[in-house]
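Only one structure is covered here, and it is reproduced in the block below.
The values are calculated or read from the model by the stated rules, or taken from the named source; none is laboratory data. All values reported here derive from a predicted model rather than from experimental measurement. Ideal geometry is used to build each Cβ from the backbone, glycine not excepted, and the neighbour counts take in all protein chains shown. Only protein heavy atoms, including side chains, enter the accessible area calculation; ligands, DNA and RNA are left aside. Shrake-Rupley method; radii C 1.70, N 1.55, O 1.52, S 1.80 Å.
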Amino acid sequence: MSIGAVLAFLRDDFPEVTISKIRFLEAEGLVEPQRTPSGYRKFSPADVERLAYVLRMQRDHYLPLRVIREHLDAIERGETPPALPAAADTRPGPMEEADRELSASAEASSGVRLGRAELLAAAEAGEAELVEWESYGLVAPGPDGGYDGEALQVARLVAELGRYGLEPRHLRAMKAAADREIALVEQVVAPLRRHRNPQTRAHAEATARELATLSVRLHAAMVQAGLRIRS
């Protein structure tokens, strides 16, 4: 089967799958289709079955690709794969995921400084992708040309969204909303930052972090509520 035929076959069960997603799973070594002399991919029934297994494990059990690869290796060896995690309804919701991302970002940004090549390697992205992200203002280097942990976190999330078919142009609304939220937080803490008392200025930074956390959690709650209404 060609990659287009595979996409059409899989979309009955996995409507969110895209050609980019299939190519990404190939690049990650989850499937290895044959190539024609002219370079076109040809997927066997076993390849399609592997793809369906990967997509099912991601959708129903939220397994990372590393774990899915271990499952596939065990199956190929004739062994029983590791036990699956709890059902999907036990997965943390958007608010819990937002808290997790905020915590990860705070930990990552602590003293981290990456060069361009290091950022690309950590985000598993290419130079062309980073150039596009920067053109949309999604990721930006510091004055020294390096990237901090927060830039890395953004890059990883943008790359992950890209694997679901969301391109940087689709994320402009998120960037605009973030800029508006930043302006609101700055409006609240600006008087505290101008204060002569060092303790008050320190309180301004703590307040900014708290407002940022509340803002992200509010956004996640609104998205969660909106999706529930549509389902």
| query | Cα-Cα pairs above 20 Å in the chain: how many percent? | reply | 71
| request: Determine the gain in length on full extension of the stretch ALA117-ILE75; use 0.36 nm per residue of separation and subtract their C-alpha separation, reporting nm with one decimal. | output: 11.5 nm
| field | Helical contribution to [θ] at 222 nm, DSSP H n ≥ 4, -39,500 (n - 2.57), averaged over the chain, rounded to 500 | value | -20500 deg cm²/dmol
| remark: To the nearest Å², the heavy-atom accessible area per residue of the chain with 1.4 Å probe amounts to 63
| request: Apply the Debye scattering formula to the stretch 1-42, with a single equal point scatterer on each alpha-carbon and no solvent, then give log10 I(q)/I(0) at q = 0.18, 0.22, 0.33 Å⁻¹. | output: -0.50, -0.73, -1.21
| remark: Loop-resident GluC sites (Glu not before Pro) in the stretch 1-83 with no more than 15 other Cβ atoms inside 10 Å, DSSP not H/G/I/E/B, are GLU16, GLU28, GLU79
| request: List every residue whose amide H lies under 5 Å from the amide H of VAL139, counting only residues 5 or more places away in sequence or on a different chain, with H placed 1.01 Å from N in the peptide plane. | output: GLU134
| said: With θ taken as phi - 60° and the coefficients 6.51, -1.76 and 1.60, list the Karplus ³J(HN,Hα) couplings across the stretch 154-159 in order, rounded to whole Hz; mark glycine and proline as x. | reply: 4, 4, 5, 5, 5, 4
| Within the chain, longest stretch free of exposed chymotrypsin sites (Phe, Trp or Tyr not before Pro) [DSSP loop, at most 16 other beta carbons within 10 Å] | 63-135
| Counting other Cβ atoms within 10 Å of each Cβ, which trypsin sites (Lys or Arg not before Pro) in the stretch 145-222 have at most 14 and sit in a DSSP loop? | ARG194, ARG196
